[in-house]
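The numbers here are math on the coordinates, done by the rules we state, and not lab data. Nothing here was measured: the structure is a model prediction, and the numbers come from that model. Methodologically, a virtual Cβ is constructed for each residue, glycine included, from the backbone with ideal geometry; neighbour enumeration extends over all protein chains shown.
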Amino acid sequence: MKAQQTEKMENNQQSKMAITKALEDNYFKGIYTGDINLLKQIFHPDTDLYGDVKGQPYAKTLAVYLDGVANRQSPKDCGKPFKGRIVSIDVVNSIAMVKARVQMYDFNYVDLLSFHQINGKWFIVNKMLSDVAE
């Protein structure tokens, strides 16, 4: 019984490390630079995005979201500060929930990202976000 628990803990830690790497290399970097190819590597093609921004409802398909990223001036290009950080990662077998904070332009986002491991790779399958006062 003890060996099984150790194996699960190691797998859980490996999953957290893989998700952290994907967030840092693709998600945060893609948002900061406006590189939709990086974002496409972490988002599942059927991802939907929901939430509120400045108190207004927000609902987009991944295609609409990526189009917006591609057609805006990135925080990097306009010299605006950007900070992305992981608050928490909870992994249960092949699913995970990440709470992240993204500060860019005049926004402070709380992102709740649902992940699913598909063929050994972690993908965001749902993104919920809210702009909060900080």
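Brief remarks follow.
- Sorted from greatest to least, the principal axis extents spanned by the alpha carbons of the chain come out as 53, 30, 27 Å.
- Residue (of 103, 74, 116) at the positive-pole extreme of the range 54-134, dipole from beta-carbon charges: 74
- Taking 1.002 mPa s as the viscosity and 20 °C as the temperature, the Stokes-Einstein diffusion coefficient of the range 72-124 based on its alpha-carbon Kirkwood radius rounds to 170 µm²/s.
- Phi-based couplings in Hz for the range 109-117 (Karplus 6.51, -1.76, 1.60; Gly and Pro marked x): 8, 9, 10, 10, 10, 8, 10, 9, 8
- Summing Lys and Arg as +1 and Asp and Glu as -1 over all other residues whose Cβ lies under 14 Å from the Cβ of residue 117 gives a net charge of +2.
- Helix 2-22 vs. the chain, principal-axis angle (Cα, 0 to 90°, nearest 10): 20 degrees
- Reachable aspartates and glutamates, given that their alpha-carbon falls under 18 Å from the alpha-carbon of residue 121 and they are not under 8 places away in the same chain: 10, 24, 25, 46, 90
- Per-residue Cβ neighbour rank within 10 angstrom, fewest leading, 82, 107: 107, 82
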